[in-house]
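> Structure incoming, see below.
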Amino acid sequence: ACLLFPMRNALLYRSATQSALRDPLTGAGNRIAMDQTLSREIEVARRHKQPLSLLMLDIDHFKQVNDTYGHSSGDEVLKAISLAIKGQLRNIDRVFRYGGEEFLIVLSNTGRESAALIGERLRQAAHDLIYPILDHPLELTVSLGCSTLLPAESADSLLRRADAALYVAKREGRNRLAMAS
């Protein structure tokens, strides 16, 4: 009986800290968790001389979903995309909700070529999802930008390069992956 309250408090504390690092809608990590994880992953990659790659994923024309079908349908699309992404990754990879309809995927011990293959797999998985919204099938695509950690590169620079590559993918017609130079 003496351990009941400390154990309950420990479980409540654990639940609160996990909630503070998760996006409540998608279950993906939030920006705070992303910053912490990215810093740690960069340190590990440098220490062990391993590659590290990022994928920045954006749902193409997502605003039209919200405008046409409503925000609750948009929320369902975000949840489905998040689940599809997670289903294609290894347990050591991490997914974060970066913005409204943007996700960041941190690929531990993954070089440029492997990251491109994973990005293409994510693009295809998102494309293959069918969303039955209001008795009307909805097919969505995603665009991705990929960057791989350079020697002595900062987390901000790595993120900026993934974001710049994402904009290249969008400019080139969407529903594609672009690699950062």
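> Quote to one decimal, in nm, the extra length available between residue 109 and residue 172 on full extension: 0.36 nm per residue of separation minus the C-alpha distance between them. Provide the component values of the computation, followed by the final result.
Details: separation 63, 0.36 × 63 = 22.68 nm, distance 2.87 nm.
Separation in residues times 0.36 nm, less the Cα-Cα distance, equals 19.8 nm.
> Which whole-number value in Å² is the accessible area per residue of the chain, probe 1.4 Å? Mind showing how you got there, number by number?
Working: 10070 Å² over 181 residues.
On a per-residue basis, the chain sits at 56 Å².
> Please work out, to two decimal places, the log10 of the ratio I(q)/I(0) at q = 0.09, 0.10 Å⁻¹ from a Debye calculation in which every Cα of the chain carries one identical scatterer.
-0.35, -0.43
> Same structure, new question: With +1 on the Cβ of every Lys and Arg and -1 on the Cβ of every Asp and Glu, and nothing else charged, how large is the dipole of the range 102-152 about its Cα centre, in debye rounded to the nearest 20?
Numbers: 3 positive and 6 negative charges, 52 e Å.
About 240 debye.
> Output the relative contact order of the range 102-181, whole-number percent, from Cα pairs under 8 angstrom with separation of 6+ residues.
29
> Let me ask you something else. Can you give the charge dipole size of the chain about its Cα centre, rounded to the nearest 20 debye, using +1 on the beta carbon of Lys and Arg and -1 on the beta carbon of Asp and Glu? Walk me through the numbers before you get to the answer.
Values: 23 positive and 21 negative charges, 146 e Å.
In debye, rounded to 20, the chain gives about 700.
> Taking the Cα centre of each part, how many Å lie between the range 89-103 and the range 117-146?
Value for the Cα centre distance between the two parts: 15 Å.
> Taking amide H positions as placed in the peptide plane 1.01 Å from N, state which residues far from residue 178 in sequence (5 or more) or on other chains have amide H under 5 Å from it.
Amide H to amide H, under 5 Å and 5 or more residues apart or across chains, residue 178 pairs with 144, 145, 146, 169.
> Check which residues have an amide H placed less than 5 Å from residue 111's amide H, if you skip close sequence neighbours.
So residue 111 has HN proximity to no qualifying residue.
> Continuing with the same structure: Return the carbon/sulfur percentage of the accessible area of the chain, one whole number, probe 1.4 Å, all protein chains in place. Show your work: numbers first, answer last.
Values: 5580 of 10070 Å².
Carbon and sulfur: 55 percent of the exposed surface of the chain.
> Looking at the square roots a ≥ b ≥ c of the eigenvalues of the Cα gyration tensor of the range 1-97, which shape do they give, rounded for a/c under 1.5, prolate if a/b is larger than b/c, or oblate?
Details: a/c = 2.84, a/b = 1.22, b/c = 2.33.
Oblate is the answer for the range 1-97, as a/c is 1.5 or above yet b/c matches or exceeds a/b.
> What ranking, highest mean first, results for peptides 79-86, 166-173, 105-112 when packing means the other Cβ atoms within 10 Å averaged over each residue?
On the way: 79-86: 18.0, 166-173: 15.9, 105-112: 20.0.
Taking the mean over residues of other Cβ atoms within 10 Å, the ranking is 105-112, 79-86, 166-173.
> Please find, in a Gaussian network model of the chain (springs between Cα atoms separated by less than 10 Å), the residue of 89, 140, 25 whose mean-square fluctuation is greatest.
So, out of 89, 140, 25, the one fluctuating most is 25.
The values are calculated or read from the model by the stated rules, or taken from the named source; none is laboratory data. Here the structure is a predicted model, which is why all the values come from computation and not from measurement. Backbone-built Cβ (ideal geometry, glycine too); neighbour counts: all protein chains shown. The protein model used for the area step is the full one, side chains on, heavy atoms only, and it has no ligands, DNA or RNA in it. Shrake-Rupley method; radii C 1.70, N 1.55, O 1.52, S 1.80 Å.
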